[in-house]
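Structure first, then comments.
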Amino acid sequence: MTRILIAEDETLIRLDLRAQLEDAGYDVCAEARDGAEAVELAATAKPDVALLDIRMPKLDGIEAARAILADEPIPIVILTAFDDAALVQRAADVGAFAYVTKPYAPNTLAPAIELAIARHAELQAVRDESASLADALAARKAIERAKGLLMMREDLTENEAFVRLRDASQRSGQTIRVIAEAIVIALGSD
């Protein structure tokens, strides 16, 4: 069940929102009356999604979203009575995944939440893939540099240099990247 943090300064709206969300099958794990409380509750309650009103005391919803996302990337849905283009842009700039204007009907809230969850998952997959590709590129650079150093120093062919790296990796139980980085450190200063 999806755990949701609600941040809304108006008690009646917050209670109505909670009821709508629970009726739709969501678990409201925390409720905040202001932006600062939303940031604290996001850290302690660990919600799957945060629904944040823009205009709240202490810290507005967009700044609360910024603080929440700096600590833990979760889907953020902005709830507001304002459809001002500048606010929409601020919400987008901070990383909100959906923007729902009040009054909202139960049939508009769930799709916005599900869309935010889906887009967040896609973004996380892209981030993970990017990190994996960056790691693979760094490994490739280290291996190429180590091969080049071995080729120069030991008068080896590229294939012979790679075989030495591979064999050292197998003997030591370390990855080829670790062996290559060690060789770059050892021979790179020559």
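The values are calculated or read from the model by the stated rules, or taken from the named source; none is laboratory data. What you see is a predicted model; the values in this text were computed from it and never measured. We place every Cβ from the backbone using ideal geometry, glycine too, and count neighbours over all the protein chains shown.
Quick notes
Let's see how each residue does on (1) touching a Leu at 6+ places or on another chain (Cβ under 8 Å); (2) charged (D, E, K, R); (3) within 26 Å of Glu22 (Cβ to Cβ):
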{"position": "Ile74", "(1), (2), (3)": "no, no, yes"}
{"position": "Asp83", "(1), (2), (3)": "no, yes, no"}
{"position": "Ala98", "(1), (2), (3)": "yes, no, yes"}
{"position": "Ala112", "(1), (2), (3)": "no, no, yes"}
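- Where Leu156 falls short, out of the listed (1) within 25 Å of Ala50 (Cα to Cα); (2) outside any helix (DSSP H, G or I): (1)
- Any hit, the stretch 21-29, residues being farther than 21 Å from Glu122 by Cβ, surrounded by 17 or more Cβ atoms within 10 Å (Cβ to Cβ) and at pLDDT 90 or above: yes
- Qualifying residue in the stretch 46-54 (condition: in the same structural domain as Val100 (by TED's automatic domain parsing), part of a helix (DSSP H, G or I) and surrounded by 21 or more Cβ atoms within 10 Å (Cβ to Cβ)): no
- Options Ile183, Ile113: the member that is over 27 Å from the mean Cα position of the chain (by Cα) and among the β-branched types (Val, Ile, Thr): Ile183
- Test: Ile6 is touching a strand residue (DSSP E or B) at 6+ places or on another chain (Cβ under 7 Å) and at pLDDT below 90: no
- Condition met for Val88 (within 22 Å of the chain's Cα centre (by Cα), closer than 19 Å to Leu51 by Cα, assigned by TED's automatic domain parsing to the domain that holds Met56 and in a strand (DSSP E or B)): no
- Considered as a group, the residues in the stretch 91-143 that are assigned to a loop (DSSP other than H, G, I, E, B) and either free of Cβ contacts under 8 Å to residues at least 24 places away in the same chain or of a type in the set (D, E, K, R) (or both) include one that is surrounded by the most Cβ atoms within 10 Å (Cβ to Cβ), and that residue is Phe97.
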